[in-house]
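Below is one structure, written out as C-alpha coordinates, with a few remarks after it.
The values are calculated or read from the model by the stated rules, or taken from the named source; none is laboratory data. Not measured: the values here are computed from a predicted model. So basically every Cβ, Gly included, is an ideal-geometry build from the backbone, and we count neighbours across all protein chains shown. The protein model used for the area step is the full one, side chains on, heavy atoms only, and it has no ligands, DNA or RNA in it. Shrake-Rupley method; radii C 1.70, N 1.55, O 1.52, S 1.80 Å.
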Amino acid sequence: QDFRSDFFDILERRMTAWGINTIGSWAPYDFLSRGNKPYTVCLGEMVQGFPRFKNQNVKFYDVFDPEFETKMGNILRDCAEKYPLVMKSIDDPMCIGYFIDNELRFEPIVSATVKAEPNQPAKQEFIRGLKEKYGTIAALNKAWGSTFYDWNALAANRKEFTFPGYYNDAKTFRKRFVNRYFRICRDGIKSMAPHRLYLGCRFLGLNQRDIVWEAAAKYCDVVSANSYTSSIFNVNMKKFRDVPLLIGEFHFGTLDRGMFIAGLVPVGDQQEQAISFTRFVQGALVHPNLVGAHWFQLRDQPLTGRWDGEGYRIGFVDVVDTPYPELCKAAREVGENMYRYRMNGKLVNTMK
(Lines give C-alpha, C1' and ligand atoms only; values in the text may rest on other atoms or scores of the structure.)
Protein backbone atom coordinates (compact mmCIF):
# COMPACT_ATOMS: atom_id res chain seq x y z
CA GLN A 1 0.00 0.00 0.00
CA ASP A 2 2.82 2.41 0.77
CA PHE A 3 4.65 2.01 -2.53
CA ARG A 4 5.41 5.75 -2.87
CA SER A 5 7.62 5.77 0.21
CA ASP A 6 9.60 2.77 -1.05
CA PHE A 7 9.87 4.32 -4.49
CA PHE A 8 11.15 7.61 -3.07
CA ASP A 9 13.75 5.71 -1.01
CA ILE A 10 15.05 4.11 -4.20
CA LEU A 11 14.91 7.39 -6.11
CA GLU A 12 16.99 9.20 -3.50
CA ARG A 13 19.63 6.47 -3.61
CA ARG A 14 19.64 6.60 -7.39
CA MET A 15 20.12 10.38 -7.41
CA THR A 16 23.14 10.03 -5.14
CA ALA A 17 24.57 7.14 -7.16
CA TRP A 18 24.08 9.04 -10.43
CA GLY A 19 25.69 12.25 -9.16
CA ILE A 20 22.47 14.31 -9.25
CA ASN A 21 22.37 16.77 -6.38
CA THR A 22 19.19 18.86 -6.90
CA ILE A 23 15.51 18.20 -7.60
CA GLY A 24 14.19 20.42 -10.39
CA SER A 25 10.70 21.76 -10.98
CA TRP A 26 7.49 19.71 -11.11
CA ALA A 27 8.49 17.07 -8.52
CA PRO A 28 5.71 15.86 -6.17
CA TYR A 29 5.58 17.71 -2.87
CA ASP A 30 5.64 14.51 -0.82
CA PHE A 31 9.03 13.68 -2.35
CA LEU A 32 10.41 17.18 -1.72
CA SER A 33 9.18 17.23 1.86
CA ARG A 34 11.38 14.30 2.85
CA GLY A 35 14.13 16.89 3.20
CA ASN A 36 16.98 14.70 1.97
CA LYS A 37 17.83 16.53 -1.27
CA PRO A 38 17.99 20.22 -2.15
CA TYR A 39 14.97 21.14 -4.26
CA THR A 40 13.10 23.88 -6.08
CA VAL A 41 9.36 24.57 -6.15
CA CYS A 42 7.24 26.01 -8.97
CA LEU A 43 4.35 27.99 -7.49
CA GLY A 44 2.32 28.00 -10.66
CA GLU A 45 2.20 28.25 -14.44
CA MET A 46 -0.26 30.80 -15.86
CA VAL A 47 -2.10 30.49 -12.58
CA GLN A 48 -5.81 29.87 -12.98
CA GLY A 49 -7.96 32.80 -11.92
CA PHE A 50 -5.27 35.45 -12.36
CA PRO A 51 -6.35 38.30 -14.68
CA ARG A 52 -5.48 37.87 -18.35
CA PHE A 53 -6.15 39.66 -21.64
CA LYS A 54 -9.82 39.14 -22.44
CA ASN A 55 -10.70 37.30 -25.67
CA GLN A 56 -7.04 36.84 -26.61
CA ASN A 57 -4.94 33.70 -26.53
CA VAL A 58 -1.88 35.28 -24.93
CA LYS A 59 0.25 33.39 -22.42
CA PHE A 60 0.62 36.32 -20.05
CA TYR A 61 -1.28 38.14 -17.34
CA ASP A 62 -2.60 41.68 -17.35
CA VAL A 63 -0.17 42.98 -14.76
CA PHE A 64 -1.96 46.35 -14.51
CA ASP A 65 -5.18 44.78 -13.32
CA PRO A 66 -5.33 45.55 -9.56
CA GLU A 67 -6.35 41.94 -8.96
CA PHE A 68 -3.02 40.77 -10.37
CA GLU A 69 -1.02 42.63 -7.74
CA THR A 70 -3.25 41.25 -4.99
CA LYS A 71 -3.13 37.65 -6.18
CA MET A 72 0.48 37.45 -7.35
CA GLY A 73 1.65 39.49 -4.38
CA ASN A 74 0.24 36.78 -2.11
CA ILE A 75 1.00 33.71 -4.24
CA LEU A 76 3.36 32.02 -1.77
CA ARG A 77 1.08 32.76 1.17
CA ASP A 78 -1.94 31.35 -0.67
CA CYS A 79 -0.05 28.24 -1.84
CA ALA A 80 1.22 27.65 1.68
CA GLU A 81 -2.34 27.86 3.06
CA LYS A 82 -3.56 25.37 0.46
CA TYR A 83 -0.63 22.93 0.53
CA PRO A 84 1.01 22.10 3.89
CA LEU A 85 4.16 20.94 2.11
CA VAL A 86 4.62 24.39 0.54
CA MET A 87 4.27 25.86 4.01
CA LYS A 88 7.03 23.52 5.19
CA SER A 89 9.31 24.64 2.33
CA ILE A 90 9.41 28.21 3.66
CA ASP A 91 11.59 27.12 6.58
CA ASP A 92 13.10 23.99 5.04
CA PRO A 93 16.87 24.48 4.56
CA MET A 94 16.72 22.06 1.61
CA CYS A 95 14.43 24.43 -0.30
CA ILE A 96 16.63 26.50 -2.61
CA GLY A 97 13.85 28.75 -3.85
CA TYR A 98 10.80 29.25 -6.02
CA PHE A 99 9.95 29.58 -9.68
CA ILE A 100 6.82 31.43 -10.71
CA ASP A 101 5.51 30.53 -14.18
CA ASN A 102 7.06 28.66 -17.07
CA GLU A 103 7.84 29.72 -20.65
CA LEU A 104 5.68 32.83 -20.69
CA ARG A 105 5.38 34.66 -24.01
CA PHE A 106 6.82 38.13 -23.55
CA GLU A 107 6.78 39.03 -27.26
CA PRO A 108 3.06 39.86 -27.69
CA ILE A 109 2.63 41.98 -24.54
CA VAL A 110 2.31 45.35 -26.29
CA SER A 111 0.40 43.91 -29.23
CA ALA A 112 -2.12 42.34 -26.86
CA THR A 113 -2.47 45.65 -25.05
CA VAL A 114 -3.13 47.59 -28.25
CA LYS A 115 -5.66 45.02 -29.49
CA ALA A 116 -7.47 44.84 -26.16
CA GLU A 117 -10.92 46.18 -25.39
CA PRO A 118 -11.08 49.76 -24.04
CA ASN A 119 -11.79 48.55 -20.49
CA GLN A 120 -8.73 46.28 -20.31
CA PRO A 121 -6.60 47.66 -17.42
CA ALA A 122 -3.34 47.34 -19.38
CA LYS A 123 -4.80 49.37 -22.24
CA GLN A 124 -6.13 52.00 -19.87
CA GLU A 125 -2.68 52.27 -18.30
CA PHE A 126 -1.03 52.52 -21.73
CA ILE A 127 -3.32 55.41 -22.72
CA ARG A 128 -2.93 57.07 -19.33
CA GLY A 129 0.84 57.16 -19.89
CA LEU A 130 0.36 58.66 -23.36
CA LYS A 131 -1.95 61.35 -21.98
CA GLU A 132 0.63 62.17 -19.33
CA LYS A 133 3.40 62.45 -21.93
CA TYR A 134 1.58 64.26 -24.77
CA GLY A 135 -1.27 66.10 -23.06
CA THR A 136 -3.49 66.31 -26.15
CA ILE A 137 -4.44 63.89 -28.88
CA ALA A 138 -3.16 66.43 -31.42
CA ALA A 139 0.32 66.25 -29.89
CA LEU A 140 0.23 62.45 -30.01
CA ASN A 141 -0.92 62.48 -33.64
CA LYS A 142 1.94 64.79 -34.53
CA ALA A 143 4.51 62.56 -32.80
CA TRP A 144 3.12 59.29 -34.14
CA GLY A 145 1.95 60.37 -37.58
CA SER A 146 -1.55 59.15 -36.66
CA THR A 147 -5.02 60.66 -37.17
CA PHE A 148 -7.06 59.82 -34.05
CA TYR A 149 -9.99 62.15 -33.45
CA ASP A 150 -9.79 61.91 -29.66
CA TRP A 151 -8.53 59.64 -26.85
CA ASN A 152 -11.68 57.54 -27.04
CA ALA A 153 -10.92 56.74 -30.67
CA LEU A 154 -7.45 55.58 -29.63
CA ALA A 155 -8.95 53.38 -26.90
CA ALA A 156 -11.48 51.91 -29.32
CA ASN A 157 -8.77 50.82 -31.77
CA ARG A 158 -8.36 47.02 -31.88
CA LYS A 159 -5.63 46.73 -34.55
CA GLU A 160 -1.84 46.67 -34.35
CA PHE A 161 -0.25 50.12 -34.85
CA THR A 162 2.27 50.77 -37.62
CA PHE A 163 2.77 54.50 -37.05
CA PRO A 164 6.46 55.50 -37.19
CA GLY A 165 6.38 57.39 -33.89
CA TYR A 166 4.56 54.67 -32.00
CA TYR A 167 7.47 52.31 -31.43
CA ASN A 168 9.38 54.35 -28.83
CA ASP A 169 6.25 54.60 -26.71
CA ALA A 170 5.65 50.87 -27.15
CA LYS A 171 9.17 50.17 -25.92
CA THR A 172 8.64 52.39 -22.88
CA PHE A 173 5.39 50.62 -22.02
CA ARG A 174 6.94 47.17 -22.49
CA LYS A 175 9.67 48.11 -20.02
CA ARG A 176 7.13 49.25 -17.43
CA PHE A 177 5.07 46.10 -17.99
CA VAL A 178 7.86 43.54 -17.53
CA ASN A 179 9.39 45.41 -14.57
CA ARG A 180 6.01 45.40 -12.87
CA TYR A 181 5.62 41.66 -13.50
CA PHE A 182 8.99 40.70 -12.02
CA ARG A 183 8.68 43.10 -9.07
CA ILE A 184 5.28 41.79 -8.01
CA CYS A 185 6.43 38.17 -8.38
CA ARG A 186 9.48 38.88 -6.23
CA ASP A 187 7.35 40.58 -3.58
CA GLY A 188 5.00 37.59 -3.54
CA ILE A 189 7.90 35.37 -2.47
CA LYS A 190 9.93 37.71 -0.28
CA SER A 191 6.94 38.81 1.80
CA MET A 192 6.69 35.25 3.13
CA ALA A 193 10.18 33.83 2.59
CA PRO A 194 12.81 36.60 2.50
CA HIS A 195 15.55 34.00 3.00
CA ARG A 196 14.56 31.93 -0.07
CA LEU A 197 15.59 32.65 -3.65
CA TYR A 198 13.29 33.96 -6.35
CA LEU A 199 14.33 31.85 -9.33
CA GLY A 200 12.48 33.69 -12.10
CA CYS A 201 9.95 32.45 -14.65
CA ARG A 202 11.91 29.89 -16.70
CA PHE A 203 12.30 31.78 -19.98
CA LEU A 204 11.67 29.90 -23.19
CA GLY A 205 15.22 29.97 -24.52
CA LEU A 206 17.96 32.55 -24.16
CA ASN A 207 16.77 34.95 -26.87
CA GLN A 208 14.68 37.37 -24.83
CA ARG A 209 14.91 41.08 -25.59
CA ASP A 210 17.24 43.24 -23.53
CA ILE A 211 14.33 44.91 -21.73
CA VAL A 212 13.19 41.52 -20.42
CA TRP A 213 16.70 40.48 -19.33
CA GLU A 214 17.19 43.81 -17.56
CA ALA A 215 13.96 43.45 -15.60
CA ALA A 216 14.72 39.84 -14.66
CA ALA A 217 18.24 40.73 -13.57
CA LYS A 218 16.89 43.58 -11.44
CA TYR A 219 14.34 41.57 -9.48
CA CYS A 220 15.34 37.87 -9.62
CA ASP A 221 17.93 36.34 -7.32
CA VAL A 222 18.60 33.80 -10.08
CA VAL A 223 17.35 34.12 -13.67
CA SER A 224 16.05 30.85 -15.11
CA ALA A 225 15.71 29.71 -18.72
CA ASN A 226 14.81 26.46 -20.43
CA SER A 227 17.43 25.88 -23.11
CA TYR A 228 17.07 23.05 -25.61
CA THR A 229 20.45 23.44 -27.29
CA SER A 230 23.54 21.31 -27.77
CA SER A 231 25.76 23.38 -25.49
CA ILE A 232 25.61 26.29 -23.06
CA PHE A 233 29.36 26.86 -22.97
CA ASN A 234 29.54 29.80 -25.40
CA VAL A 235 26.53 31.81 -24.22
CA ASN A 236 27.44 35.50 -24.00
CA MET A 237 28.19 36.39 -20.37
CA LYS A 238 27.29 40.08 -20.84
CA LYS A 239 23.66 39.19 -21.52
CA PHE A 240 23.15 38.08 -17.93
CA ARG A 241 24.41 41.35 -16.38
CA ASP A 242 26.42 39.59 -13.68
CA VAL A 243 23.34 37.71 -12.41
CA PRO A 244 23.33 33.93 -11.82
CA LEU A 245 21.52 31.80 -14.41
CA LEU A 246 19.82 28.44 -13.86
CA ILE A 247 18.90 26.19 -16.78
CA GLY A 248 15.39 25.05 -15.84
CA GLU A 249 15.15 22.41 -18.58
CA PHE A 250 17.42 20.69 -21.09
CA HIS A 251 17.52 17.23 -22.64
CA PHE A 252 18.67 15.02 -25.48
CA GLY A 253 16.49 12.23 -26.82
CA THR A 254 16.78 9.14 -29.02
CA LEU A 255 14.62 6.83 -31.10
CA ASP A 256 16.65 3.63 -30.70
CA ARG A 257 14.63 1.98 -27.92
CA GLY A 258 11.03 1.87 -28.93
CA MET A 259 9.74 5.47 -29.07
CA PHE A 260 8.32 7.50 -31.95
CA ILE A 261 9.56 10.98 -30.92
CA ALA A 262 13.11 11.53 -29.72
CA GLY A 263 12.57 14.89 -28.02
CA LEU A 264 13.38 18.53 -28.67
CA VAL A 265 17.10 17.85 -29.22
CA PRO A 266 17.37 14.46 -30.95
CA VAL A 267 20.64 12.53 -31.09
CA GLY A 268 21.63 9.24 -32.69
CA ASP A 269 21.62 6.69 -29.89
CA GLN A 270 22.04 6.14 -26.16
CA GLN A 271 25.80 6.64 -26.23
CA GLU A 272 25.49 9.93 -28.09
CA GLN A 273 22.85 10.98 -25.58
CA ALA A 274 25.34 10.35 -22.77
CA ILE A 275 28.07 12.28 -24.57
CA SER A 276 25.70 15.18 -25.23
CA PHE A 277 24.69 15.28 -21.56
CA THR A 278 28.34 15.39 -20.53
CA ARG A 279 29.14 18.19 -22.97
CA PHE A 280 26.19 20.31 -21.86
CA VAL A 281 26.79 19.97 -18.11
CA GLN A 282 30.54 20.46 -18.41
CA GLY A 283 29.84 23.66 -20.36
CA ALA A 284 27.51 24.84 -17.63
CA LEU A 285 30.05 24.04 -14.92
CA VAL A 286 32.73 26.24 -16.45
CA HIS A 287 30.39 29.12 -17.38
CA PRO A 288 30.77 31.83 -14.69
CA ASN A 289 27.06 32.76 -14.69
CA LEU A 290 25.62 29.22 -14.60
CA VAL A 291 24.70 27.88 -11.16
CA GLY A 292 22.71 24.80 -12.19
CA ALA A 293 21.10 22.78 -14.97
CA HIS A 294 17.96 20.66 -14.56
CA TRP A 295 17.30 17.77 -16.94
CA PHE A 296 13.74 17.37 -18.22
CA GLN A 297 12.68 14.76 -17.29
CA LEU A 298 13.38 11.77 -15.02
CA ARG A 299 11.07 9.29 -16.80
CA ASP A 300 10.30 8.76 -20.48
CA GLN A 301 6.94 10.14 -21.48
CA PRO A 302 4.23 7.64 -22.50
CA LEU A 303 4.45 6.18 -25.99
CA THR A 304 0.91 7.41 -26.64
CA GLY A 305 1.72 10.87 -25.28
CA ARG A 306 1.01 12.76 -22.09
CA TRP A 307 -2.04 15.04 -21.65
CA ASP A 308 -0.97 17.30 -24.56
CA GLY A 309 0.32 14.50 -26.80
CA GLU A 310 4.02 15.05 -26.02
CA GLY A 311 5.69 11.64 -25.97
CA TYR A 312 9.49 11.97 -25.80
CA ARG A 313 12.17 9.32 -25.16
CA ILE A 314 14.14 11.56 -22.80
CA GLY A 315 14.21 9.83 -19.42
CA PHE A 316 16.92 8.54 -17.14
CA VAL A 317 14.49 5.65 -16.78
CA ASP A 318 11.80 4.23 -19.05
CA VAL A 319 8.10 4.07 -18.24
CA VAL A 320 8.56 0.93 -16.14
CA ASP A 321 11.39 2.53 -14.13
CA THR A 322 14.31 0.70 -15.76
CA PRO A 323 17.40 2.95 -15.94
CA TYR A 324 19.22 3.74 -19.16
CA PRO A 325 22.79 2.79 -18.17
CA GLU A 326 24.65 5.05 -20.62
CA LEU A 327 23.01 8.25 -19.39
CA CYS A 328 23.20 7.27 -15.74
CA LYS A 329 26.93 6.49 -16.05
CA ALA A 330 27.60 9.84 -17.75
CA ALA A 331 25.73 11.73 -15.02
CA ARG A 332 27.73 9.97 -12.33
CA GLU A 333 31.06 10.74 -13.99
CA VAL A 334 30.20 14.41 -14.39
CA GLY A 335 28.83 14.55 -10.85
CA GLU A 336 31.98 13.04 -9.36
CA ASN A 337 34.07 15.75 -11.01
CA MET A 338 31.74 18.75 -11.00
CA TYR A 339 33.59 20.74 -8.34
CA ARG A 340 36.89 20.19 -10.11
CA TYR A 341 35.41 21.58 -13.31
CA ARG A 342 33.95 24.51 -11.40
CA MET A 343 37.17 25.37 -9.61
CA ASN A 344 39.27 25.10 -12.76
CA GLY A 345 36.82 27.26 -14.65
CA LYS A 346 37.77 25.95 -18.07
CA LEU A 347 37.59 22.90 -20.28
CA VAL A 348 40.85 21.36 -21.46
CA ASN A 349 41.06 20.24 -25.07
CA THR A 350 42.80 16.87 -25.08
CA MET A 351 42.58 16.42 -28.86
CA LYS A 352 45.99 16.30 -30.53
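The table for this structure:
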item	result
Those residues of the range 16-30 which are touching a helix residue (DSSP H, G or I) at 6+ places or on another chain (Cβ under 8 Å), outside any loop (DSSP other than H, G, I, E, B) and surrounded by fewer than 17 Cβ atoms within 10 Å (Cβ to Cβ), in sequence order	ALA17, TYR29, ASP30
Residue ID - farthest from PHE126 (Cα to Cα), chosen from residues in the range 162-177 that are open to solvent by 10 Å² or more (accessible area, probe 1.4 Å) and aromatic (Phe, Trp, Tyr)	PHE163
Residues satisfying the stated conditions in the range 326-341, i.e. out of contact with any Lys or Arg (no Cβ under 9 Å at 6 or more places or on another chain) and in contact (Cβ under 8 Å) with a residue 24 or more places away in the chain	GLU326, LEU327, LYS329, ALA330, ALA331, ARG332, GLU333, VAL334, GLY335, GLU336, MET338, TYR341
Elements of type helices (runs of 4 or more DSSP H) contained in the range 53-146, each with 3 or more residues being open to solvent by 80 Å² or more (accessible area, probe 1.4 Å) and touching a helix residue (DSSP H, G or I) at 6+ places or on another chain (Cβ under 9 Å)	84-90, 121-134
Residue match in the range 344-351 (condition: farther than 16 Å from GLN297 by Cα, modelled with pLDDT under 95, outside any loop (DSSP other than H, G, I, E, B) and open to solvent by 30 Å² or more (accessible area, probe 1.4 Å))	yes
Members of the range 181-214 that are under 14 Å from the mean Cα position of the chain (by Cα) and farther than 25 Å from CYS79 by Cα	GLY205, LEU206, ASN207, GLN208, VAL212, TRP213
Count - residues of the range 147-177 that are over 28 Å from GLU45 (Cα atoms) and assigned to a helix (DSSP H, G or I)	10
Some residue of the range 301-320 being of a type outside the set (Lys, Arg), open to solvent by less than 40 Å² (accessible area, probe 1.4 Å) and touching a His at 6+ places or on another chain (Cβ under 8 Å)	yes
First in the range 181-202 and touching a residue at least 60 places away in the same chain (Cβ under 8 Å), second anywhere and buried (at least 18 other Cβ atoms within 10 Å of the Cβ) and basic (Lys, Arg), Cβ under 6 Å, 6 or more apart	TYR198/ARG186
Counted residues, the range 238-267 - those being open to solvent by 50 Å² or more (accessible area, probe 1.4 Å) and either at positive phi or more than 19 Å from the chain's Cα centre (by Cα) (or both)	10
Subset of the range 274-304 (residues that are over 18 Å from GLU249 (Cβ atoms) and either basic (Lys, Arg) or assigned to a loop (DSSP other than H, G, I, E, B) (or both))	PRO288, PRO302, LEU303, THR304
Pair list, Cβ under 6 Å, 6 or more apart: the range 63-84 residue free of Cβ contacts under 8 Å to residues at least 24 places away in the same chain, other residue in a loop (DSSP other than H, G, I, E, B) and open to solvent by less than 30 Å² (accessible area, probe 1.4 Å)	GLU67/PRO51
Pairs where the first residue, in the range 110-123, is at pLDDT 95 or above and the second is of a type in the set (Val, Ile, Thr) and open to solvent by less than 10 Å² (accessible area, probe 1.4 Å), C-beta under 9 Å, 6+ apart	GLN120/THR113; PRO121/VAL63; ALA122/VAL63; ALA122/ILE109; ALA122/THR113; LYS123/THR113; LYS123/VAL114
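To keep it simple, each residue is scored yes or no on (1) among the aromatic types (Phe, Trp, Tyr); (2) at pLDDT below 95.
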site	(1), (2)
GLN1	no, yes
ARG13	no, no
TRP18	yes, no
GLY49	no, yes
ASN57	no, yes
GLU67	no, no
LYS82	no, yes
PHE99	yes, no
GLU103	no, no
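This table checks each residue for (1) assigned to a loop (DSSP other than H, G, I, E, B); (2) open to solvent by less than 50 Å² (accessible area, probe 1.4 Å).
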{"position": "ASN179", "(1), (2)": "no, yes"}
{"position": "ILE189", "(1), (2)": "no, yes"}
{"position": "GLN208", "(1), (2)": "yes, yes"}
{"position": "VAL212", "(1), (2)": "no, yes"}
{"position": "LYS218", "(1), (2)": "no, no"}
{"position": "SER230", "(1), (2)": "yes, no"}
